[in-house]
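I have placed the structure first, in the form of structure tokens, so that the comments after it can refer back to it.
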Amino acid sequence: LPALPKPLRALDVENCSLQHLQPTQFLETLAAARNKLKGVDVGGLQKLKYLDLRQNDLQGVLTLPSLPALAELFLGHNQLKQFDLKPSPVLATIEVSSNTLQKLPESLGRCINLRALDASNNDLAELPCSLGTLPKLQ
């Protein structure tokens, strides 16, 4: 018998006009920028390290489930007013620029390895005080 294929670990579907996407549980990389996605169910993707959903049709409030391996998150150039996420000990980069964010989640202050946060071009009136406690944030 031929060997079974290894589980899909990386999926790059950028600029494909996708309106719906159901990722598989073994993904470590999901690059789905420049589509027409209104949301993506990433629950259960415990190995996901890289998530890129820039330039889609994400609107309103986006709540991300616990993603313990997530190191890089890109949500820029959507119409998000708010996003919520569970703190991740390995999360190092968050890019949420050019949305309509009115606030950032307090949980960012518990992402102890956060190095880069780009929240430019939003409607932020203030930043969470907890960001000041992050030793690696530049």
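May I ask you to verify whether Asp84 is open to solvent by less than 60 Å² (accessible area, probe 1.4 Å), more than 19 Å from Val13 (Cα to Cα) and free of Cβ contacts under 8 Å to residues at least 24 places away in the same chain?
On the way: open to solvent by less than 60 Å² (accessible area, probe 1.4 Å): yes; more than 19 Å from Val13 (Cα to Cα): yes; free of Cβ contacts under 8 Å to residues at least 24 places away in the same chain: yes.
In short, yes.
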**Prompt:** Of the residues that make up the range 35-50, is at least one at pLDDT below 95 and among the acidic types (Asp, Glu)?
**Reply:** yes
**the range 63-106: number of residues that are within 12 Å of Ala119 (Cβ to Cβ), hydrophobic (A, V, I, L, M, F, W, C) and either more than 10 Å from the chain's Cα centre (by Cα) or modelled with pLDDT under 95 (or both)** = 4
**Message:** The conditions are (1) in contact with a helix residue (DSSP H, G or I) (Cβ under 9 Å, 6 or more places away or on another chain); (2) more than 22 Å from Leu45 (Cβ to Cβ), and Gln102 fails exactly one of them. Which is it?
**Reply:** (1)
**Prompt:** Counting only residues that are within 12 Å of Val96 (Cα to Cα) and not aliphatic (A, V, I, L, M), which one in the range 109-136 is nearest to the chain's Cα centre (by Cα)?
**Reply:** Asp118
**Asked** Does Pro7 satisfy the condition of being touching a Gly at 6+ places or on another chain (Cβ under 7 Å), open to solvent by less than 70 Å² (accessible area, probe 1.4 Å) and modelled with pLDDT under 95?
**Response** no
**Request:** Only one of these is modelled with pLDDT of 95 or more and closer than 23 Å to Leu8 by Cα: Ala116, Ala31. Name it.
**Result:** Ala31
**Request:** Scan the range 62-74 and give yes if some residue there is over 19 Å from Leu134 (Cβ atoms) and open to solvent by 50 Å² or more (accessible area, probe 1.4 Å), otherwise no.
**Result:** yes
**Prompt:** When residues of the range 36-62 are filtered for being closer than 22 Å to Asp123 by Cβ and either among the small types (Gly, Ala, Ser) or under 10 Å from the mean Cα position of the chain (by Cα) (or both), how many remain?
**Reply:** 5
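The values are calculated or read from the model by the stated rules, or taken from the named source; none is laboratory data. Being a predicted model, the structure only gives us computed values, none of them experimental. Every residue, glycine among them, receives a Cβ derived from its backbone with ideal geometry; neighbour counts consider all protein chains shown. Calculation scope for accessible area: heavy atoms of the full protein, side chains included, ligands and nucleic acids excluded. Shrake-Rupley method; radii C 1.70, N 1.55, O 1.52, S 1.80 Å.
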